[in-house]
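**Student:** To start, I am sharing the structure in question, which I have written as structure tokens.
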Amino acid sequence: DETIASILPDETSVRIGFTASNKRGGTVYISTILVSPSFNKTIPDVDLDVIHSRPLQTVTDVLGWLCFAVWSISFYPQIIKNYQRKNVVGLSFDFLGYNFLGWICYSVFNFTLLWITEIRHEYYKVYPHGVINVQLSDFCFSFHALIITALTILQCLCYEREGQTPSSLCRFLLAGFVCAMLIMLVVAASGCLTWLQYVTIFSWVKLAVTLFKYSPQVYMNFRTKSTEAVSIYQFLMDLTGGTLSLVQMGVIAYNFDDWKTFIGDFTKFGLAALSILYDCIFIVQHYILYRHTPREPLLPTADETEPMIGPADY
């Protein structure tokens, strides 16, 4: 629909009224077109977010903070146990290294999509009728996880570790990721890459880290035929958080009638899906495969220099 208004040459301002009604959810763009070349005033465009229901918007916020609470609590058992034992032997330093890099990347990604206007505008150019699925709770969660991971690494530097160090493969991969991000920064600064594309690379790094960071613990459980080294409660809470995250994204997609961007924020979707996958593997190992099996002694192979234990070892 169009609303036409006449502007006299001596007028410095004009007020235009219109009525808008929504047939579907999403984002509505209101643009101004000036047909007179003598009128050189700049009139900004207006974006309207249209939703099906305000209560559903409240549900979205509640689900987001529930995810934040459940996922955040799951980080603390390992820190508490390290403090009680004054010992980090059996905790995989590779896992901590991958996790620290991943949370840095995810925090940067969430921060920019929430508060960097230029990147938000670029996102809406790519998804003109879409909605940004990143919520304030997502940034709070990722930044909190970054701090907790840093504290765990500090414990590893202070407590007994019996000579454990990150593996050569871990150091190589971390260095490779950092170098790649610095190279892409130069490419983005030169204009060959948009800033949205550059920020999206951070999200893919986080997703790649999540893809393999839990694998050592799954393999360790298989070799020892036991899950006594890990806390099943951590994975139960992680499963709950991942499920709530997917439900939240579904509610947002329905409320904005925008199912295309349900996986538009593929990092958030991928993190939840991968977490659920690994959690289900751990749960099957704990409650079905190795429920009554005593832990078998694990003899190190020639290629191993440190144990491959996941984030929680009780």
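The values are calculated or read from the model by the stated rules, or taken from the named source; none is laboratory data. Bear in mind that the values here come from a model prediction, so they are computed numbers and not experimental data. All Cβ positions, even for glycine, are placed from backbone atoms using ideal geometry, and neighbour counts span all protein chains on display. Only protein heavy atoms, including side chains, enter the accessible area calculation; ligands, DNA and RNA are left aside. Shrake-Rupley method; radii C 1.70, N 1.55, O 1.52, S 1.80 Å.
**Student:** Hey, rough spin-label estimate for PHE212 and ILE116, points 7 angstrom out along Cα→Cβ, what's it come to in nanometres?
**Tutor:** Computed distance between label sites PHE212 and ILE116 equals 2.7 nm.
**Student:** Okay, moving on. For a test of the definition: using alpha carbon positions, the gyration tensor, and the 1.5 limit on a/c, classify region 116-239 as rounded, prolate or oblate. Before the final figure, lay out the partial values.
**Tutor:** Numbers: a/c = 2.31, a/b = 1.70, b/c = 1.36.
Judged from the Cα gyration tensor, region 116-239 comes out prolate (a/c at least 1.5, a/b above b/c).
**Student:** Something else now. Over 27 Å between Cα atoms, which of LYS81/LYS268; LYS86/LYS206; LYS125/LYS206 qualify? Intermediate results must be reported in sequence, preceding the final value.
**Tutor:** On the way: LYS81/LYS268 29 Å; LYS86/LYS206 30 Å; LYS125/LYS206 24 Å.
Listed pairs above 27 Å: LYS81/LYS268; LYS86/LYS206.
**Student:** On the accessible surface of region 99-143, probed at 1.4 Å, how many percent belong to carbon and sulfur atoms?
**Tutor:** Working: 1360 of 1960 Å².
Result for region 99-143: 70 percent of the exposed heavy-atom area is carbon or sulfur.
**Student:** Hey, can you grab everything whose amide H is under 5 Å from the amide H of VAL131? Only 5+ residues off in sequence or another chain; H modelled, so Pro and N-termini drop out.
**Tutor:** Hits under the 5 Å cutoff: none.
**Student:** Probe of 1.4 angstrom, ligands and nucleic acids ignored: what's the accessible area per residue over region 87-196, in square angstrom? Show your work: numbers first, answer last.
**Tutor:** Values: 5330 Å² over 110 residues.
Dividing the accessible area of region 87-196 by its residue count gives 48 Å².
**Student:** Would you mind counting up the charge near ALA69? Only other residues with Cβ under 14 Å from its Cβ, with Lys and Arg at +1 and Asp and Glu at -1.
**Tutor:** Numbers: positive: none; negative: ASP61, ASP138, ASP238.
Combined, the nearby Lys, Arg, Asp and Glu give -3.
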